[in-house]
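What follows is a short report on a single structure.
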Amino acid sequence: MDPVTLGLTPVRQIAAHELVLDQMRRSMESGQFRPGDRLPSERDLAEMLDVSRTVVRAAVAVLEREGLIVVRRGRGGGFIVQAPTYDAAETRRMMKANKAAVRDAFDFRVIVEGAASRLAAERRRAKELADLRSLLTQMDAALTASLEDQTPHKVIEFQTLDTAFHMGIARVARNPALYDSVADARRRMWAPVGAIFGRLEENANDRHEDILDAIADGDGDLAATTMAAHIDDTRHTLEAWLKR
């Protein structure tokens with residue numbers, strides 16, 4: 001019997017360092033570690049992840065080759081997070097070559113982030129709303145700075161805050177499986193090209209305040225539809241960018 005007919009595919013054994021690498025990348029993508037930050041030491045990472053230092057070393061070597069960290073020796077050294085470098089032409093080429101994957105990633109975001117927004121409107125607490133409002137203020141400042149100086153570091157700063165805002169909404173929903181799905185959805189959006197935009201558009205922060213207002217008012221339907229509209233705005237921005 002054909003294994004494909006049964007929905008079965010070959011199983012690839014995943015090396016331990018790939019699992020460590022995945023967790024470290026997620027930490028950087030989620031903004032837990034920003035450019036300029038120092039990662040925990042090799043020994044500390046090994047203890048945190050319950051793996052050998054050899055496994056950590058292998059994961060770090062990949063991150064270093066990718067330019068995501070730099071390894072500095074001596075006192076004050078360690079694993080320092082770096083801002084990614086961008087090649088606009090290559091990014092555009094890769095996105096065009098992966099249109100279906102990018103489309104699917106946006107569809108996935110609409111579904112899971114809409115659901116997270118709806119639940120957040122039911123389960124929000126005052127302190128959480130205040131934290132999200134603080135993030136919005138920081139995002140406004142970061143976007144203004146980035147539009148004045150479109151350097152990778154400033155773009156990364158806004159993207160980090162943007163991720164923190166969206167993941168903050170998912171956290172307020174108080175559903176661990178949904179939280180993981182939102183994290184995965186945001187990651188998939190950029191996975192086909194392996195990088196985020198090298199520049200920001202003026203509408204990058206649009207609708208965030210409207211989403212938060214709907215959550216604060218307890219209007220789950222409005223929160224979900226506004227989140228969907230926000231994600232579609234990003235989709236349209238991307239499509240316009242690819243046509244330039």
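The values are calculated or read from the model by the stated rules, or taken from the named source; none is laboratory data. Nothing here was measured: the structure is a model prediction, and the numbers come from that model. Don't worry about glycine lacking a Cβ; one is built from the backbone with ideal geometry, like all the others, and counts go over all protein chains shown. Accessible surface areas use protein heavy atoms only, side chains included; no ligands, DNA or RNA. Shrake-Rupley method; radii C 1.70, N 1.55, O 1.52, S 1.80 Å.
Here's how it looks for ILE69: its modeled amide H is under 5 Å from those of GLU64, GLN82, which are all 5 or more places away or on a different chain.
Taking ASP22, ASP213, ASP221 in turn, the Gaussian network model of the chain (Cα-Cα springs below 10 Å) assigns the largest fluctuation to ASP22. Considering only Cα atoms, the convex hull volume of region 143-244 works out to 104 Å³ per residue. Nonpolar atom fraction for the chain, defined as the carbon and sulfur part of the 1.4 Å probe accessible area, stands at 51 percent.
The Cα center of region 209-230 and the Cα center of region 41-104 differ in position by 34 Å. Residues in region 145-235 average 41 Å² of solvent-accessible surface per residue, probe 1.4 Å, ligands and nucleic acids excluded. Note on percent of Cα pairs over 29 Å apart: of the candidates (i) 24; (ii) 41; (iii) 36, the value calculated from this structure sits at (iii). Heavy-atom accessible area, probed at 1.4 angstrom with all protein chains present, ranks HIS153, HIS166, HIS17 as HIS153, HIS17, HIS166, highest first. With springs only between Cα atoms under 10 Å, which of PRO35, PRO152, PRO176 fluctuates most in a Gaussian network model of the chain? Of PRO35, PRO152, PRO176, the most mobile in the Gaussian network model is PRO176. For region 96-192, the list of trypsin sites (Lys or Arg not before Pro) that fall in a loop by DSSP and count at most 12 other C-beta atoms within 10 angstrom reads ARG125. Entry note, the chain: the mean residue ellipticity at 222 nm calculated from DSSP H runs of n ≥ 4, each adding -39500 (n - 2.57), is -22000 deg cm²/dmol after division by the residues and rounding to the nearest 500.
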